[in-house]
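Novice: One structure coming up, written as structure tokens, with questions to follow.
Here, each number is a calculation from the coordinates, and none is a lab measurement. Since we're looking at a predicted model, the values are computed, not measured. Note that each Cβ is placed from the backbone with ideal geometry, even for glycine, and that neighbours are counted across all protein chains shown.
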Amino acid sequence: MSNDQTPEQQNTDQDQQMVDLAEVEDTKLEEKSKHSYSQGQLIRRRFFHHKPAIISLIMLGAVIILAFSSIGFGAVPGWWDKHYQATGSIVDGGRPMMFQDGNFLGEHPFGQENVGRDYFAMVMRGAQQSLIVAFVTAVVSSIIGIALGAIAGYFRGWTESIIMRLTDFVIVVPTLVFAAMLGHIAGGSVVMLGVLLGCATWTGMCRLVRAEVLSIREKEYVSAAVAMGASPARIITKHMIPNSIGVIIVNATFAFVTAILLETTLSYLGMGVQRPEVSLGLLIEQYQNAFSTRPWLFWFPGLFIIIIALAGNFIGDGLRDAFDPRQRRSGDSRPSIAGVLGLRGVQRAFRPKSDVGMPAAGGSGGAQLPAGQNDPHGDAKRFGRKK
């Protein structure tokens, strides 16, 4: 600014600079508004950027579609022409016929069992039953856990004490023992088995929802709702449960995986799905003695259990990272194979000096910060301020 300008001209120039600065800020705000996202959109974007979760979602969806579309379900027919209970003559010793003679599936893609039943149809039926049990178990355990956890966290006092002592009692009893006792009551019904298993696995959801509600009940909008005369039922259903939806969805996903493994264990022990029905665990139990002579009777149901369990776990990890990015681990914060095996010291011994806090060759001699640690003076350097 020139010194020979009058005060009026100087004020005019300052006003023009302020106008220009305001226009720049408005332009920046407009650009940001074009790329702004709602909370739901941010969660979806974070989830779809989690590649293992997306791959697992596709695989789990493929397993569900294959299981329910191949042999049909209920009155809906499937595209596979063999029934899981129909017997027949054993072809080629009952060996799998996939990818033979130029056929993708063949007549019996998974082979045949002892009396000539098609093992592909049996595995698909077993996957249907296991998925139904797991889904019903996850829904029932989530409903019970959400209701009891929200009531305990909101009302506190003797209500919380009674609910949490009941939760502690159920936790103390081993889940497998409790589920086995309830499994005998199911009477062979798959849906009833899922309901009873849900009554044995609700404790985790209850404790997580209670912790969330204890935090939410101190918020200002809850106090405002109470001051306006809202009923406890409305506050719980309209404010507390919707704001705990992230924890609920993630825990329900892991409950689905737990139910799959629990049903497999119970059926393997003869306390879950009963014959003449089949499930993945029941197939493994029935043909475990044929592992050395006809291993495909053991491997195919086991493979489906592994796929469903791993896919559910990866989907749960993706949902957890999407709802709570602070728990996301990437880069150096991810556990390495050496760290898992307890060889972290060996791993550090073979890392470059610049990666373990020692000066690199040709450096200034000062110790460098370890990977992943932020420089506390980085912002000062960026904006030209002295330390």
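Novice: Mind listing the long-range amide H neighbours of Q100? Cut-off is under 5 Å, sequence gap 5 or more, other chains count too, H placed in the peptide plane at 1.01 Å from N.
Specialist: none
Novice: Mind listing the phi-derived Karplus ³J(HN,Hα) values for segment 195-209, rounded to whole Hz, using 6.51, -1.76 and 1.60 with θ = phi - 60°, and x for any glycine or proline?
Specialist: Karplus-based 3J(HN,Hα) across segment 195-209 equals 5, 5, 5, x, 6, 9, 10, 8, 5, x, 4, 4, 5, 5, 5 Hz.
Novice: Along each principal axis of its Cα atoms, how long is segment 179-256 end to end? Whole angstroms, biggest number first, please.
Specialist: 51, 23, 16
Novice: Related question: Given the convex hull of the Cα atoms of segment 184-314, what is a quarter of its surface area in nm²?
Specialist: The Cα convex hull of segment 184-314, projected and averaged over all directions, gives 10.0 nm².
Novice: Could you list I55, I235, I65 so that the one with the fewest beta carbons within 10 Å of its beta carbon is first and the one with the most is last?
Specialist: Ranking I55, I235, I65 by Cβ neighbours within 10 Å, fewest first, gives I65, I55, I235.
Novice: Which Cα, out of F155, S231, V213, lies furthest along the positive dipole direction of segment 149-302 (beta carbon charges, K/R +1, D/E -1)?
Specialist: Towards the positive end, the residue furthest out is S231.
Novice: What does the charge add up to near D101, with Lys and Arg as +1, Asp and Glu as -1, over the other residues with Cβ less than 14 Å from its Cβ?
Specialist: Here the charged neighbours net out to -1.
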